[in-house]
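Asks: This is the structure I want to talk about, given as structure tokens.
The values are calculated or read from the model by the stated rules, or taken from the named source; none is laboratory data. Just so it is clear, the structure is predicted and the values come from calculations on it, not from any experiment. Cβ: placed from backbone, ideal geometry, glycine included. Neighbour counts: every protein chain shown. Protein only, heavy atoms only, side chains kept; ligands, DNA and RNA dropped before computing areas. Shrake-Rupley method; radii C 1.70, N 1.55, O 1.52, S 1.80 Å.
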Amino acid sequence: MNIGIIGAGRMGKALCAIWVQHHQLMLSYGRDQHRLQVTARELGPGVSVGTPAQAAQFGDVIVLTVRWPACARRACTGWPYGRKIIVKYNHSH
């Protein structure tokens, strides 16, 4: 199964580390693009990097792990939703 993860913070990276053994993943929406590339390499060959829209297109399941609702709205602009499962792991302070 392909999983697109929008949000490359602690939760996004933790889920990648668990799921990479059984699924193909695309990680996106990191504050530092270079660090995001390094993280993907560290997690293994089953993890690629893309934009939020690319991760949404890639994933059979889309996982939102961005912290603030405004970030989630911005990350989701222009998504090709189609018939996808969307899982939201976020919270606000």
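Asks: What about Leu64, is it at pLDDT below 90, open to solvent by less than 80 Å² (accessible area, probe 1.4 Å) and either hydrophobic (A, V, I, L, M, F, W, C) or under 9 Å from Gly4 (Cα atoms) (or both)?
Replies: Details: at pLDDT below 90: yes; open to solvent by less than 80 Å² (accessible area, probe 1.4 Å): yes; either hydrophobic (A, V, I, L, M, F, W, C) or under 9 Å from Gly4 (Cα atoms) (or both): yes.
Yes: the conditions hold for Leu64.
Asks: What are the residues in the range 18-57 that are open to solvent by 20 Å² or more (accessible area, probe 1.4 Å) and of a type in the set (A, V, I, L, M), if any?
Replies: Let us first name the residues in the range 18-57 that are open to solvent by 20 Å² or more (accessible area, probe 1.4 Å), namely 18-24, 26, 29-35, 37-38, 41-43, 45, 48-49, 51-54, 57.
Result: Ile18, Val20, Met26, Val38, Leu43, Val49, Ala53.
Asks: Looking only at residues that are in contact with a Cys (Cβ under 9 Å, 6 or more places away or on another chain) and under 19 Å from Lys88 (Cα atoms) in the range 15-51, which one is modelled with the lowest pLDDT?
Replies: The extreme case among them is Tyr29.
Asks: A follow-up question, please. Just one of (1) open to solvent by 10 Å² or more (accessible area, probe 1.4 Å); (2) touching a strand residue (DSSP E or B) at 6+ places or on another chain (Cβ under 8 Å); (3) modelled with pLDDT under 85 trips up Ala75, so point out which.
Replies: All conditions are met except number (1).
Asks: Can you pull out the residues in the range 7-25 that are in contact (Cβ under 8 Å) with a residue 60 or more places away in the chain and more than 13 Å from Ala40 (Cα to Cα)?
Replies: Met11
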